[in-house]
Amino acid sequence: MTRSAQIERATGETRVAVDLTLDGSGEGRRATGVGFFDHLLDLLARHAGFDLTVEVTGDLQTGSHHTVEDTGLVLGQAIFQALGDRVGIRRYGSATIPMDEARAACHIDLSGRPFVVYDDRDLLPAGVTGGFEHELLEEFVRAVSATSRSTIHLEIERGRGAHHIIEAGVKALARALRVAVSIDPAERGVPSTKGTLTA
């Protein structure tokens, strides 16, 4: 069975279309109108092992906030839908990623309960890289968590440059997702004593 989803969302601020296959290799096209965000989505697809196409049009004249947040919301929806009944998934995933002087750690539980713990230890400076406002790393994670109904802990452990800090954070998120959505051959059902991870 192909674990995939196609989701579209249109508001007065953005139009977002996401085509996601969980068991992929990083294929697809990312076109959001925000150069550095496209790069981050490239990293996410490659390191999560997702085939991912993202197309966004939005009100970039006001900044990239709506584009980034709405993309996170639609991506989270796609992950939730693509996981189906969750039978056989590992559910939990963790990763720590070094990127030169930066290091980030991410822990994920596909619990059916959205919750975020985010801590950049005030290491991520304010600013903009390639049209991407730095504080949007946290907003993106919160949006993905909300609609994938996942608990996500993301901690920036060290770093000096915003570029490397943000990339390390996204790669850690991606690698943790890769583990959490993967199939555990020893798991015969839904990995929960409740019997469900969708309600």
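Taking segment 28-80 as the search range and keeping residues that are hydroxyl-bearing (S, T, Y) and more than 11 Å from the chain's Cα centre (by Cα), which one is modelled with the lowest pLDDT? Filtering segment 28-80 for residues that are hydroxyl-bearing (S, T, Y) and more than 11 Å from the chain's Cα centre (by Cα), the one modelled with the lowest pLDDT comes out as T62. Of the residues making up segment 50-81, those that are buried (at least 19 other Cβ atoms within 10 Å of the Cβ) and assigned to a loop (DSSP other than H, G, I, E, B) are F50, S64. The C-beta contact set for segment 107-136 (first residue on the phi > 0 side of the Ramachandran plot, second residue in a loop (DSSP other than H, G, I, E, B) and among the hydrophobic types (A, V, I, L, M, F, W, C), distance under 6 angstrom, 6+ apart or interchain) comprises G112/L197; G131/V34. Cβ separations smaller than 9 Å between residues 6+ apart or across chains give the following pairs from segment 1-25 residues that are of a type in the set (A, V, I, L, M) to residues that are at pLDDT below 95: V16/G58; L22/T2. Within segment 148-199, if we keep just the residues that are part of a strand (DSSP E or B) and touching a residue at least 60 places away in the same chain (Cβ under 8 Å), the residue that is farthest from L110 (Cα to Cα) turns out to be E157. Residue count for segment 45-69 satisfying the condition of being out of contact with any Gly (no Cβ under 9 Å at 6 or more places or on another chain) and closer than 25 Å to V179 by Cβ: 1. Condition (residue is buried (at least 17 other Cβ atoms within 10 Å of the Cβ), within 27 Å of G127 (Cβ to Cβ), touching a residue at least 24 places away in the same chain (Cβ under 8 Å) and charged (D, E, K, R)) applied to segment 36-44: is it met by at least one residue? There is no residue in segment 36-44 that is buried (at least 17 other Cβ atoms within 10 Å of the Cβ), within 27 Å of G127 (Cβ to Cβ), touching a residue at least 24 places away in the same chain (Cβ under 8 Å) and charged (D, E, K, R).
The values are calculated or read from the model by the stated rules, or taken from the named source; none is laboratory data. Quantities reported herein were computed from a predicted structural model and do not represent experimental measurements. Note that we place each Cβ from the backbone using ideal geometry, even for glycine, and neighbour counts take in every protein chain shown.
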